[in-house]
Each structure stands twice: as structure tokens, then as C-alpha cells.
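Below is one structure, written out as C-alpha cells; comments come after it.
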């Protein structure tokens, strides 16, 4: 049975049991501050468990892409070193939202495994939650009694809280679970030791394949548990492990989930995969085929490698794969990108994003590979220098601080530094390395630490967002909570009606104010006559975000009476400019596709009141003609004053039939909002102008690359565009006045010609000066051991100094020339070593030592090197030290 058939049988079975089959949510999360990635099948359904959203069906089944590489659930270090851990994996799951519970969930699982998949019953074991006195949780006797009707009691094992109480994170839905384990050992091995003794003991052939979670509780921020409004079922079966069991394999990597990728790696590397656990070559192949799946799916879902956040996690996974292939497969050139086509062919029928985004994924991975391989080459040179300096000092341990700097600043793998050190019979100062790592963690923790208190609920009522139609509304607070972070203490509030748009879809969250009804002189019935300038009771809305389907506004302090009626007012100026910038991104997207081609797709955006940023897929720098054409097309649509057509809460199928653009990596519900300006149609939740004429004018300010295959346009519109052109006009007037000319082009051309002539004269004078100084300094070398040494302190520019040094090292044999300059108040050291001394002295090493005195750094080759610094006061010390070279 192929992996495709196994996946399809699962979905067909649960469809026959009345479950709605839904597609996988994106692997990258964009609307949940507690998680970067979907780390389980239940992530996309969290709002249903908490009661924030109503599911379209009480029974759902799917296969969900998951990623576990950070936080509580982190399998990264195990990947490659065993047969069944993965970074990205598929989680087959069936769900009940207040419908069936333990009895039916257990029956479904048992029937599917033993009757449909025909796994022998004697190969299965189950575990149940034994209870936990510290949290007043009792043994799950219900699950035990239901299991007794299917499996022998001696195969039902008690499990502790760690194994049999499932929690998604520090807070959120949770509950007791019942795991199903399969024993894949041979009959001879089973005769030696019972599988009962191997369950949950990390045996590679006695593994958990399915976890039935019975969601009964919500873990609150203070750690306490509260009952959920309804009981739910959340199951997750590891697809890769299920394939291993059904295909009779001993390793996930021996199934057809991975064998096509492994075959391609064998072909490209010339290395044969033997499946040996301890073999570094085989570990490397397992790492590569696992990691390429994680990286490819993340990029296809919209998360590009980056230096921070979720992007850094993806970059780290990719670099781990590159590092293993470099070290143990001998792959010195990019090759991982060639695996994307294999992955698409195997999984594209179930995950169409791989087909649609193949070119982008391939190009991004290829560029990342090329870049990091250069980093590795650079790191090898740097580690060689560290080793040379360590040996020269007669020491056997590489400084942990320098190895950490290589890792942290340059991305050079620390374990690669250790291996290279061992080859030279050296060690790494692990204590020093760990101390630097801990400092970095503390810095990161300090910058991102936030304590969130539990909600204080004033009224259990769903909020209503009215911000599309109203920017001022009467409202009251339904819940609030305190948060503490590096910036201080704040409160998050939820309003019964809110005009404040929450950050989303690239658009920033609204700011504004709340005027309490108890403010002196304020009347809710006639708010326009109220003078807010002297009102001390106004509450400022600092930001608005969305979390778990709640629109949350941030305030510094709670009002004196949180239960009062308030008048909420959006910052009108910011909203006006922001929605103009948002609407123009839609026009820009359409224009880009018309000019560059339909391969262009939005890959990210920022929309604020001051400017807009738009990232899109394209594989070449845009020309000036293309940018001008884009601008013209957008401005033409603005001048046409096209009216907004808004379709709210329409079925997504209807929106797609109308030609709406949907973005990969976004999770859309059954009902969507479509924004239309003429032929531009996009699914969008943001705020927009009523007609394009309100935008005023569109101006592109910059076009650049953000990653392989991703371009970025930064632009302005409306008020900022007007300011831009007014500023340009003023500058032209000032320039015209300074030059005393109305024909600026002709005048500037004349000035440039004069400047060019003067520059040539200056260069000639510098050359003459250098020749003169060279002649003067030839006689100033002093004998110093086996060499002639010249040390000079000057105020010359770098080019002149370089000419002098090269002339002297050429004309004076057995010489070292050191010139230390303070030109333009910037310390600079230049060292030249004549060719006949390069085997004894290294200009790069000399300049590095001298640069310490000016708090600088630099380098070069044995014959010539330079260094700059920032400590001008250290020049004299550098001159003195140079005299001892």
C-alpha cells in the first residue's frame, strides 16, 4: 500500500462516518501570538475548542502539516539520529466539536487500524491517563472501560501526565489522552521481551502511532485548569509512522514517504544510503530529506528564511541540512533545491501549494544554499586563523567566545568548529561557549518576555466589529487583562462593539481614544460638541490586534470605571491614510501582474499611514521602464475614481468564481470578504477607500530584493505623496537659487565637467606627492633584526598611503612598511611586507595586532593589509607598538 493510498483511506473512512474533510491549514501561523507554527493537528481548530468560533461541521477530518522545531514541542535534535522523529510531519486527525466523545473516538480508531488497515490486534497496545494528584485529576476510568471491549486488559497501560495529558502550549485547550502504540518487532524479538516493557521507552520498533485527546479543560495563564464549555475529541496519528507500520518497514525513512528523496540524494551525492543509525553519512541523508520537506512547505506557505522570528527557524533548519551535507556528503555546491521537484511529484496532489509555488521554493532554497556555503568557506578561513593563533600561543583550547562569535554572527555551525578543532588535537572552551550562549538567551528572553494575566470577564458576549462602516461608536468593555513586558505594564481590553481594526493582512492596528460617559460635560447622545482637549478621563488606544478571534485593544491604564459606557473614536487621520495605502496595494498587485506576468503573487505587505511596503514573487530586478509603467497604471486607476465594491460574508467558492485573488499561506473560512476596484478582486479583511480617487496619487520610492525570488516595492500615496512632491519643488527652488540658474540641467552638467577636471588635477598632485614621499622615506628605514623597518604617522588619504606602501615594498628589499594615518579624524593602519619576507612575516597578522590599539579590525594577505578603527587616541600607542615588530 502506497503512502498516497494510506492517506486517502484515512480520509475516506472518516468521510463515511459523517466527517467533513477539510484541507490542511498553512504550516506558518499568522494570527496566534502563542505559536510560530502549526505544531499539531488541532492548531487550526483552537478557536472552536475555546468557543470563539462555530465550526461548519461538528465532525471534521484532515491531514495537517505540522512543524516541531521550537518551544515545548521540539524534535530538531532527534532528527536524523533515530528512525521516527521529524521536523515537518503529517498529522492525520479526526475531530468532534461537542458531538461524540471517548466511546466513539476509541471505536473509530480501533476499527480503522484493525479492520481497514488490518494491523494485527496482538501488535497493539494502548495507554490511558493514570491521574495526577497535584492537579486533582483522577484516572481516566471511562477510557479504560471503553478500551476493555476492544483489547485485552493487560494491554491497557497507565500513563503519567507527561505522556497522557496533552497540552498544546503553556496555555490553551488540553485534556487526558489515550495513545495507541504498535509493536513492529520480529516474532523472535517479541519472544525475548514483552512489548509492555517497551511502550514509551524510545524503542525504534515499539512506537506511538495515534493519540486520542479528550479535550475537557482550558489551561489558564496562571496555570490553573478550567472546564471547557463542551467536551471535544482531538486525535492525531503520525502519517509517517503509520506508513512504516503498514509497509512493514523498520524506519520511517524506508517508506515511500522518503525513499524517492533519498534516491535523489544518492544520485546527486554519489553516496549510498545504508540506513545505519550511527553512520554520519546516513544521518546526514536522513537530515537532508527530512529538513527539505519542512523548509519547502514553510516557504510555500509564505514564510521566507530570515534573521528573526519564524524566518530564523526556517533558515536554521535549512542551514542544518546544508551543514550536514557539506561535512558528511561532500556537497560543496548547492544541491538541496533539486529535491523540491521530487517532493512536488510525491505530495503535490494532496498539497497543491507545492505545485503552485515550486519555482519560488526552488529559487529561495538555491539562493540560501549559495549564501550559506560562502559562509562556511569564510568560517573555515576564520577557524583556521583562530587555530593558528591558539597553537602559536602554545595552547590547546580554542576560546569559547570566538567559536560562539563564529556561530552567532556568521552562522558557522558550532559542532563543525568542534570537529575541525579535534582534527588538530584541540578542544573548544565549552564553558566559555555556553556562557556566551546563555547571555544571548537572556538578552532574547529579556527583549521578548511578556507576562499575561488571566482575563477578567465582565460579560460573556461576542464582540461586534463595526469598523468597516463606523469610526465612532457607543460601546462598553466586556473583558480585560493585565500584561507586563519590557516596556512596562499595560491592559488589553475587549469591547462589545469596536470600530478599531485589528492588525492583519499587513495593515497596522487602529489607534484612537475611549471617552467615558462619566467624563465631565460629555453626552453620549451628542458627542460631537464635546471638547476633548482638557479631558483627563480619556483612554488612549495604543494599538489593536486579534488573538483567538478576539479583537483586543491595548491601553496603558484601565478607566476608573471599567463597567461604564464609552464612546470609541478611531484616529481618523491615520485611518484615512492607512486605508488609502491599503487600497493602492490592491491596484499595485494587479498592475504588477499585468506588467511582469501572472507568476507575480503577494508575499507580504506592510500598510500604515506613512507608507506601504509590498513584497511579491519575481525573479529579476525591475527596470526603470517597468517601474514607471507600474506607476502610470496605478495612477490611471486612481484618476478613474473607481468605486469600491465590497462583498461581505460570501461563500469562498463564489468569491473564487468571481475571480478573487487568494494568497498562499493564508487560511480562509467558508465565508470571506472580497474587495473589488474594477478588475481588481482580492480576498481581504482590511479597511479601504470608498473610491480610488480618495488615494490621490501613488509614488514608488524604492524597489529591492528581500530574498531569492522575492522583490519589494516601497511606496507612498495620498497625503504623503503630496508632501513628497511639495518637498521636491522646494528643493529645486533652493538649488536654482544657490546656482543662480533656471536651466539646472545645463548648469549641473557644466559643474560636473569642471569637477572631473579638478579631480584629475588632484589625483596628479597626489601621485607627485606620493612619489616625493617615497623618495624621502627610502633613506629612513632602520635595521631591525632580519629586516628593515619604517614606521610613519601621517595625515594622508588611503589611496595615497597605499601607493607609497606598494612602491616602498617593491623598491626596498627585506622591508616592512607601517604607515598610521589620522586623515579625516579616522585612524587607519597600513602594512606592507616585501616579497622576500612574506614567508617570515604576515602583513594581515601584523595589522590585526596593531589594530587593537585603535579599537579596530582588518586584515589582508602576507604582503599587504589594512585596518580601520574608532579610537583616535590610540594612534600613538599603535606607532610605539609598530616599532617593536
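Annotations
- Relative to the longest principal axis of the Cα atoms of the chain, helix 414-423 runs at roughly 60 degrees.
- Calculated P(r) tail over 26 Å for segment 1-124, as whole % of Cα pairs: 29
- The label point for residue 222 and the one for residue 526, both projected 7 Å from the Cα toward the Cβ, are 4.6 nm apart.
- Paramagnetic label zone (point 7 Å from Cα along Cα-to-C-beta, residue 628; backbone N under 18 Å) in segment 733-777: 745
- Ranked list, fewest to most other Cβ atoms within 10 Å of each Cβ, for 132, 154: 154, 132
- Peptides 776-784, 834-842, 859-867 ordered by average Cβ neighbours within 10 Å, highest first: 859-867, 834-842, 776-784
- The spacing between segment 596-629 and segment 82-159, judged by their C-alpha centroids, is 50 Å.
- If R0 is taken as 60 Å, the Cβ-Cβ distance between residue 748 and residue 835 corresponds to a FRET efficiency of 0.80.
- Amide N proximity, segment 757-785 versus residue 735 label position 7 Å along Cα-to-Cβ, cut-off under 18 Å: none
- Note on residue 4 and residue 278: their simple-model spin labels are 4.0 nm apart, each label 7 Å out from Cα toward Cβ.
- Calculated translational diffusion coefficient of segment 316-403 (20 °C, 1.002 mPa s; Stokes-Einstein with Kirkwood radius over alpha-carbon pairs) equals 140 µm²/s.
- Between residue 798 and residue 533, the distance separating the two model label sites (each 7 Å from Cα on the Cα→Cβ line) works out to 5.5 nm.
- Short-range pairs are left out: with C-alpha atoms under 8 Å and at least six residues apart, the relative contact order of segment 576-726 is 31 percent.
- Per-pair calculated FRET efficiency, R0 = 41 Å: residue 141 and residue 460 via Cβ, rounded to 0.05: 0.80
- When the inverse distances between all different Cα atoms of segment 441-570 are averaged and flipped, the Kirkwood radius reads 15.4 angstrom.
- Unit Cα scatterers, Debye sum, segment 3-257: log10 I(q)/I(0) for q = 0.10 Å⁻¹: -0.46
- Segment residue 408-residue 572, extension gain: residue separation times 0.36 nm, minus the distance between their alpha carbons: 54.6 nm
- A straight line joining the Cα centroids of segment 378-446 and segment 630-706 runs 51 Å.
- Bridge type composition, the chain - antiparallel percent by DSSP, nearest 5: 85
- Applying the Kirkwood pairwise sum to the alpha-carbon positions of segment 154-236 produces a hydrodynamic radius of 14.3 angstrom.
- Where only DSSP H runs of four or more residues are counted, the chain gives -12000 deg cm²/dmol as its mean residue ellipticity at 222 nm, each run worth -39500 (n - 2.57).
- Mean Cα-pair separation over length for segment 183-282, i.e. relative contact order, pairs under 8 Å, 6 or more apart, %: 18
- Residue 599/residue 355 FRET efficiency (R0 22 Å; Cβ-Cβ; nearest 0.05): 0.95
- Alpha-carbon Rg/Rh ratio, for segment 766-847, with Rh computed the Kirkwood way: 0.95
- Computed over segment 258-372, the Cα gyration tensor eigenvalues convert (square root of 5λ each) into semi-axes of 22, 17, 12 Å, ordered from largest to smallest.
- Rg/Rh (Cα only; Kirkwood hydrodynamic radius) as it applies to segment 576-726: 0.95
- Working ranking of peptides 652-658, 263-269, 551-557 by packing, defined as the average number of other Cβ atoms within 10 Å per residue, highest first, is 551-557, 263-269, 652-658.
- P(r) histogram, all alpha-carbon pairs of segment 366-443 included - 5 Å bins from 0, percent: 3, 16, 26, 23, 16, 10, 4, 1, 0
- Shape analysis of the chain yields a ratio of the Cα radius of gyration to the Kirkwood radius, Rg/Rh, of 1.03.
- Extension gain for the segment residue 671 to residue 370, taken as residue separation times 0.36 nm less the Cα-Cα distance, is 104.1 nm to one decimal.
- Taking the C-alpha atoms only, the angle from helix 358-392 to the longest principal axis of the chain is near 50 degrees.
- Cα long-axis angle, helix 624-639 against the chain (0 to 90 degrees, to the nearest 10): 50
- Given their separation in residues at 0.36 nm each and the Cα-Cα distance between them, residue 767 and residue 644 gain 37.6 nm when the chain is fully extended.
Only the coordinates and a few stated rules stand behind these numbers; no lab work does. What you are looking at is a predicted structure, and each value in this text was computed from that prediction instead of being measured. Reconstructed Cβ throughout: ideal geometry from the backbone, glycine too, with neighbour counts over all protein chains shown.
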